[in-house]
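What follows is a single structure, written as structure tokens, with notes after it.
The values are calculated or read from the model by the stated rules, or taken from the named source; none is laboratory data. As the structure is a prediction and not an experimental result, all values here were calculated from the model. Here the Cβ positions follow ideal geometry from the backbone for every residue, glycine too, while neighbour counts run over all protein chains shown.
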Amino acid sequence: MTTNDSYSTAVALAYREGQIAPKVIAKGRGLIAQEIIRRAKEANIYVHESSELVALLMQVNLDDRIPPQLYVAVAELLAWLYRLEKAETTLVTANSLSSETAQQTLEGN
């Protein structure tokens, strides 16, 4: 996503384990970009800001997979997001333990 006060651009990617490469599932400028960003945030989907990456992804046709030239850049972003989500899940799990349960876990009971 790239934004400024009068102009925005957004590209949404989807990737499932086992797929060859991520696919462009939405892209747009202006109001369409703002709607893509709004819906992503509503769904708690991470919105990454990189004008260079967005400019390259805007060249990919809708419903097409990203080209091999972008694999490394997108893979690094997906790996970072995976680690971030895993850390948040661990944090939520740790915070949801009661103090008694946590103490029993620490004591090995």
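Values as computed for the structure displayed
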item	result
Residue in the stretch 61-71 that is exposed (fewer than 12 other Cβ atoms within 10 Å of the Cβ), modelled with pLDDT under 90 and on the phi > 0 side of the Ramachandran plot present	no
Selection status of Leu81, of a type in the set (A, V, I, L, M) and at pLDDT below 90	yes
Qualifying residue in the stretch 88-95 (condition: assigned to a helix (DSSP H, G or I) and at pLDDT 85 or above)	no
The stretch 24-39 residues that are among the β-branched types (Val, Ile, Thr), paired with ones that are in a helix (DSSP H, G or I) (beta carbon under 7 Å, 6 or more apart)	Val24/Leu57
